[in-house]
Amino acid sequence: MTRVPPEHPIIAQIPHLRRYARALIGDRVLADDLVQDCLERAWSRFHLWREGSNLRTWLFTIMHNLHANAVRNATRRPATVPVDAPGVIAPTRPAQEDGLEVASIDAALTQLPPDQRQVILLVGLEGMSYQEAAASLGVPIGTVMSRLHRGRERLRQLLAAAGSPTLRRVK
Amino acid sequence: MIHRPVSDGELHAFVDGELEAVRRADVEAWLADNPEAAARVTFYRQLNEALHRRYDHVLSEPVPPAMLHPSRRRLPATMGRAALAASLLVASFVGGWFANQALRAPQIVERVVQVPVPMTAQAAMAHAIYAAEVRHPVEVGADEEAHLMRWLSNRMGREVKAPHLQTLGYRLMGGRLLPAADGGAACQFMYENASGTRVTLFIRNADADQKETAFHFKVESNGVSVFYWIDRHFGYALSANLPREELLRLARAIYDQLSL
C-alpha cells in the first residue's frame, strides 16, 4: 500500500480542505468526496506544484475546479440522496444564545450563489487574505471584494428578515 | 474631525485585517459616528465567529484513511456510494471476512498514478541525515563492495548495482539499507568528491505497473535537490546540495551505466 508519509506538507492541509468543503457543500459525504477527488489530483500532480509557492491556494484551486465541474454536472444528473446527511438539514451544534444562531447560518448560506459563499468561507472561515482567495479562485482581488460585500450583505438581510426570534429558532 | 469617506470595501478589509494600520484608526473613528456602519461591522464579525463555531469541529475529525492513499482511486462518488450501500447490505448477511472484502472492493478499483513524491521526499530526508554524518555515513563501506551489493540485492529482492562515478570525480563510500515508504526495502549509496561534497543515490523497487520516466528535478523542502526517474524495476532519486546542471550530469551518467 502506498501511504503518504506523515510529514508530507499536503497532510496538514487536509483538515482545512474538509472544513471548507463541508461548509461549502453542507453534506458531509459529498464534501468528503470532493476533498478525496481533490487530494487524488493533488498527489498525482504534486510535482507540478512549484516549491515556495503557496501550497494552500494551489490545493484550493484544484478543489474549486473540481467543484465547478461537479456543479455543472449536477444540473444534468438526477439528484442523489445521501445516505447520511447531517450537514444542512439537521443542526448538530447546540443553539447559541449569543451571536448568530449557527443553524440559521447554514440555511442562509445555502441561499447564496456559490461564488459568494466561496469568498465568505475562504476569508471568514479559512482566514485567507484577499490575495490568496483571489488566487485560489482565479479571479481578480476586486472580484473577491465585491463578492464578499454582496454575499455578506445578502446574509445580513436574510438573517435580519428572519428577525431575532426566528434567528434563534431551532430548525 | 473630518475623515476621508470609508468605502464598503474598507469596512470588510477592516474586519478581515486587510486594512493598513494608519487607515484602521480612521475607520474606527468614523464608525463611532456611524452606528449603521458599526452594526454592519458587528454583523460581519459575528458572521465569521458563527462560521467557526459551526464548522471548526471538522478540523478535529480523524482524516479518513482513503485520503492518505494517493494511488487508490474509488469509483466516481455517486456510483461508489451505491456500490458501497449494496455491498453493506450483502455484507450484513455474510459476515466478517466478506464484509471486509466487500467494504474494500469499491475502493481498490484502478491505480491511477504513481506518485514520485514520497520517493523524492524520502530520498532528500535520507540524504540530509546521512550525508551530514562524519563517522557513520554508510552502513557498509565500499571496501566491502561485493558484500554490500549481495546484501542489498537480497533485501531488495532484485540485483542492485552501485554505479561508479570516479570519472566524474565522485568515489563510492558505501551504502545502507533504508525502509521504503511502501513498507518494503530501499537502499542508499553515498559518493563523495575531493572537496567533500556528498551525493546520495536512493533506490527503491518500482511498482509493477510503473512506467519508465524521464528525469524529473525537484528541490525538496529541506533544500536538497533531487533528480528522480524510473527505469525498469527501480525508482532512483539522486540527491545533493548541488546546482541542477551538475546533478543532472551525474544523473545521466548513472542512468547510462545502470541501463546497460
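What follows draws every value from the coordinates through simple rules; no lab data is involved. A quick note: this is a predicted structure, and the numbers were derived from the prediction, not measured. Note that we place each Cβ from the backbone using ideal geometry, even for glycine, and neighbour counts take in every protein chain shown.
If you take the square roots of the eigenvalues of the alpha-carbon gyration tensor of region B:195-260 and sort them as a ≥ b ≥ c, do you get rounded (a/c under 1.5), prolate (a/b over b/c) or oblate? It is prolate, given that a/c is not under 1.5 and a/b is the larger ratio. With the simple model of a label 7 Å out from the Cα in the direction of the Cβ, B:R171 to A:N69 spans 5.4 nm. With the simple model of a label 7 Å out from the Cα in the direction of the Cβ, B:A39 to B:S60 spans 3.6 nm. Just check region B:124-260 against the gyration tensor rule for me: Cα atoms, a ≥ b ≥ c as the square roots of the eigenvalues, rounded for a/c under 1.5, and otherwise prolate or oblate depending on whether a/b exceeds b/c. Since a/c stays below 1.5, the shape of region B:124-260 is classed as rounded.
If r is the Cβ-Cβ distance from B:E245 to B:K161 and R0 is 22 Å, what FRET efficiency results, to the nearest 0.05? The partial results should precede the final answer.
Values: r = 25 Å, r/R0 = 1.14.
The formula returns an efficiency of 0.30 here.
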